[in-house]
1. In the chain, if every C-alpha pair distance is counted and binned at 10 Å from zero, what percent goes to each bin?
2. Taking the Cα atoms of segment 186-308 alone, what are Rg (to one decimal) and Dmax (as a whole number) in Å?
3. What's the exposure ranking of 95, 221, going from fewest to most Cβ atoms within 10 Å?
4. For the chain, take the longest principal axis of its alpha carbons; what is the angle in degrees between that and the long axis of helix 288-308, to the nearest 10 within 0 to 90?
5. What number, rounded to the nearest 500 deg cm²/dmol, is the helix-based mean residue ellipticity at 222 nm of the chain, given -39500 (n - 2.57) per DSSP H run of at least four residues and division by all its residues?
6. Mean-square fluctuation check for the chain, GNM, Cα pairs under 10 Å: which of 96, 214, 282 is largest?
7. Toward the positive end of the charge dipole of segment 186-308, about the Cα centre and with charges on Cβ (Lys, Arg +1; Asp, Glu -1), which of 195, 305, 233 goes farthest?
8. Under a plain spin-label model, where a point goes 7 Å from the Cα along Cα-to-Cβ, how far apart in nm are residue 11 and residue 166?
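What follows draws every value from the coordinates through simple rules; no lab data is involved. A quick note: this is a predicted structure, and the numbers were derived from the prediction, not measured. Cβ sites come from the backbone with ideal geometry, for glycine too, and all protein chains shown count toward neighbours.
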Amino acid sequence: MKIINNITNFSSTEQTFVTIGTFDGVHFGHQQIIKKLVAEAKKANKKSVVLTFFPHPRMVLQKDASIELINTIDERASLLEKTGLDYLIIHPFSKEFSRMSALEFVRDLLVNQLNISKLIIGYDHHFGKNREGNIKQLTEYSHLYDFKVEEIPAQDIDSVSVSSTKIRRALHDGKLKTANNYLGYHFMLQGTVVNGKKLGGKIGYPTANIDIKETYKLIPKTGVYVVKSIIDNKIVYGMMNIGSRPTLNGGYQTIEVHFFDFNQDLYHQNLTIELLYFLRDEHKFDSIASLVHQLKKDEEIARAYLVKNLES
């Protein structure tokens, strides 16, 4: 898959099959659309293209600082690469771009820039200035500019009962299994290992403190999770705490991972942490000894989970 960071940088003499969307989560419903796109493009000997946008339109149009996305743009690209796509175009979303009419969008971008042969879109897709473009207009423009339009029926999307909103809600509620089932993969956090207060090491549970620079990235419910990561091409398992460490008077949210059977300096490394299982809520314990006792129980449960689920 080739990543193009602005649609004006795309050039191909070959015709394309295209789908459009933010695809936050690249969840099971999204995967069905893209799977169809890739298969049909190959069958017709065309190139498959996903056109997506960054920043998210709400970040630009509503200045929505509270927006939470399931994926960072890098995570989204990594997930889309696994689908067999030929091209991922990440077009900068701006206020100026948002003022492009539906006709201009189709004529200037899809037809003139992407050399489109077919557009496959999800049910009730809208585009262009004030979201004025819809399936009716797309169909009219397709006749005018000689390309095909296929809308994924509502029942095909509804049959898997997937939406990014449902996934976000599940993650906030600690319903990780539900979220992962909807996603079709393990929800992930990506960040850099930074210096912490090294309190974990003093109680026998050294941790890697993960700093996530993308402020729009959704952070799931506070609590303890069973996780895995790939470090130096090896799978490493552990448990992660998201929270303010109330027993240690933390006062601010941290993301800390204790890896099992692992002793290596990880400072400044970029890690991807996959969340496998939600263990428990965060609690304030009466003493450090009580906390350590609970951590030992957490580790026992986590290791038992990994053995049972063939994750060790």
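1. It works out to 5, 24, 29, 20, 13, 7, 1, 0, in whole percents.
2. Over segment 186-308's Cα set, Rg and Dmax evaluate to 13.5, 40 Å.
3. Lowest count first: 95, 221.
4. Result, in degrees: 50.
5. Rounded to the nearest 500, the figure is -8500 deg cm²/dmol.
6. Fluctuation is largest for 96.
7. 305
8. In this crude label model, residue 11 to residue 166 measures out at 4.4 nm.
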